[in-house]
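Before any comments, here is the structure.
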Amino acid sequence: MAERAPLSTLSSLLAAHGVSMRAIEDAIAKQVVLGSDLATNLLDVGGVSEELLLKVLAEATHLEPALLG
């Protein structure tokens, strides 16, 4: 089995919060092809909910999560 590159901080946090490696890898692959950001691609592939994504992004940036709506 091929060795995986170390995950970025955001990818590590997403995985720690239960986002599947498959969803993260699919989002990264889409990022390579389309050039959009990881967070948008995770939403597009259905790998994460907006609520969880906001929580993880807030944790990664040490800020309060934004409110939905």
### Message
I want to confirm something. Restricting to the range 24-42 and keeping residues that are open to solvent by less than 60 Å² (accessible area, probe 1.4 Å) and of a type in the set (A, V, I, L, M), which single residue is farthest from the chain's Cα centre (by Cα)?
### Response
Ala29
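Taking the range 27-42 on its own, how many of its residues are more than 12 Å from Leu14 (Cβ to Cβ) and of a type outside the set (Gly, Ala, Ser)?
7
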### Message
For Val45, only one of the following conditions fails: (1) of a type in the set (A, V, I, L, M); (2) under 9 Å from the mean Cα position of the chain (by Cα); (3) modelled with pLDDT under 95. What is its number?
### Response
(2)
### Tally, over the range 43-62, of residues that are surrounded by 15 or more Cβ atoms within 10 Å (Cβ to Cβ), touching a Lys or Arg at 6+ places or on another chain (Cβ under 9 Å) and either in a helix (DSSP H, G or I) or not β-branched (Val, Ile, Thr) (or both)
1
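The values are calculated or read from the model by the stated rules, or taken from the named source; none is laboratory data. Everything numeric here is computed off the predicted structure, so don't read it as measured data. Glycine also receives a Cβ, built like all others from the backbone with ideal geometry; neighbour counts cover every protein chain displayed. Note: accessible area is taken over every heavy atom of the protein model, side chains too, but ligands, DNA and RNA are not part of it. Shrake-Rupley method; radii C 1.70, N 1.55, O 1.52, S 1.80 Å.
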